[in-house]
1. Highest mean first, how do 64-77, 107-120 rank when packing is the count of other Cβ atoms within 10 Å averaged over residues?
2. Looking at the P(r) of segment 25-132, how many percent of alpha-carbon pairs lie beyond 21 Å?
3. In nm, to one decimal, how far is the modelled label at V351 from the one at T100, with both set 7 Å along Cα→Cβ?
4. If amide hydrogens are placed 1.01 Å from N in the peptide plane, which non-local residues have theirs closer than 5 Å to the one on D169?
5. Quickly rank 197-209, 333-345 as a protection proxy: mean count of other C-beta atoms within 10 Å, highest first.
6. HN-Hα J couplings of segment 63-69 from phi, Karplus 6.51/-1.76/1.60, θ = phi - 60°, integer Hz, Gly and Pro as x?
7. For segment 142-373, just say rounded, prolate or oblate: build the C-alpha gyration tensor, square-root its eigenvalues into a ≥ b ≥ c, call rounded for a/c under 1.5, and beyond that prolate if a/b exceeds b/c, oblate if not.
8. How would you order 54-63, 211-220 from highest to lowest mean count of nearby Cβ atoms within 10 Å?
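We did not get these values from a lab; they are worked out from the coordinates using the rules stated. Computed from a prediction, not measured in an experiment: that's the story for all the values here. Here the Cβ is made from the backbone with ideal geometry for all residues, glycine too, and neighbour counts use every protein chain on show.
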Amino acid sequence: MPRRARPRADAPRAGDEAPEGMPSPRFASWLPAILIVGGVVYDISSPPAYTAAPFFAAAPLVAAPLYPLRLTALTGALAVTAACLLAELHGVRDWAQSATEIATVVTVALLALLISHVVRRGGRRLASARGIAEAAQRAVLPVPPARLAGLDVAARYVAAEQDAAIGGDLYAVQDTPHGVRMLIGDVRGKGLGAVEVVAITVGAFREAAEQEATLEGLALRLERALQRERARRADFEQIEGFITAVLAEIPRGDSLLRLINRGHPAPLLLHADGSVRSAEPEVPALPLGMGDLGAWPDRVEELPFAEGVTLLLFTDGVSEARDAQGTFYDPEARLRGRRFATPVELLDALVADVERHTGGGTTDDMALLALRRAPVTSGAVPEHAP
């Protein structure tokens with residue numbers, strides 16, 4: 001080909017999902033070899049005035065993000081060797097031109113080694129960061145048991161940012177002397193500050209859920225925990241001032257559900273016949289952490305919670321997910337008429353449906369918690385029975 005600028009090497013990393021219009025990872029892994037072989041064929045079959053140097057220069061650049069350092073070095077060595085052998089095969093008529101072409105391939109091969117080293121080091125750091133994030137998630141938001149006090153349980157956390165494992169959404173579920181208690185919430189703010197507030201809130205819930213006899217007392221304890229954090233941190237109010245949350249309680253042995261909603265999306269009750277009921281609060285309430293604006297008693301709402309009914313709690317990453325036209329996702333409408341064998345199946349289907357609605361991603365984290373009162377078989381002893 002006539003001499004021109006070297007082609008770009010934008011091949012995706014092996015193993016990553018290729019964006020639409022990009023070569024697949026499997027094909028991309030063969031590109032360096034294809035470039036070298038194609039360069040040799042082109043050089044042999046083209047007139048002497050044309051050069052295959054751009055093919056040989058591109059091969060190690062493409063290999064750098066795809067291959068380990070040794071394979072990148074091998075690709076560079078093969079490219080330089082091919083360039084030298086072809087120059088010898090055709091006979092060197094212009095030493096300066098041939099030396100420039102070979103020097104170009106050598107220089108690009110060395111740059112490819114540097115790029116490969118940087119990519120590998122970045123990959124190790126990313127893997128370390130992922131491991132730390134996953135450990136933090138397991139510590140702050142541990143996966144609840146699949147069965148708890150006669151309830152089938154499932155939880156999901158879907159981060160909006162790629163490679164993030166935890167953010168400002170939270171959930172917790174715990175078997176207590178007062179029944180199974182659960183919390184789902186969304187901290188105002190993002191980043192490490194929000195994660196810190198998540199840890200404080202979940203920690204306060206774990207302790208208070210065991211000690212407080214009423215759901216109102218539990219909400220008050222969480223309010224006090226946030227007030228203490230505000231007093232400790234001067235920048236608390238400017239960063240993460242409040243948490244929208246739902247506190248729920250399923251008393252042991254009762255077909256009853258108690259709820260306190262503090263400015264959070266209403267939970268859904270999914271019945272075995274496919275009907276869906278939204279548990280909207282009768283009286284709106286301010287989020288947790290805003291007690292300094294005024295004091296009022298929490299109102300607990302009681303709803304029937306029979307066998308086979310599933311309670312679905314979620315954060316606004318679900319209800320505020322939008323499609324390309326800006327239409328919000330409506331979980332109540334999208335789930336109506338559908339039946340799910342288990343809470344796990346429900347959450348899997350819901351996450352997949354939100355992704356389809358948004359076209360593959362959301363702008364906010366999603367925390368989801370689902371509990372189903374499983375039928376008690378004859379002669380069975382309920383789990384965690386006193």
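1. Numbers: 64-77: 19.3, 107-120: 17.6.
Ranking the peptides 64-77, 107-120 by packing returns 64-77, 107-120.
2. Values: 2240 of 5778 pairs.
Tail fraction, whole percent: 39.
3. Taking the two extended label points, one gets 5.7 nm.
4. Amide H neighbours of D169, under 5 Å, 5+ apart: V187.
5. Numbers: 197-209: 20.2, 333-345: 15.0.
Peptide ranking by packing, descending: 197-209, 333-345.
6. Once rounded to whole Hz, the list reads 5, 3, x, 9, 10, x, 4.
7. Details: a/c = 1.66, a/b = 1.13, b/c = 1.47.
Because a/c hits 1.5 or more and a/b fails to exceed b/c, segment 142-373 counts as oblate.
8. Numbers: 54-63: 27.5, 211-220: 16.8.
Listed from highest to lowest mean packing, they are 54-63, 211-220.
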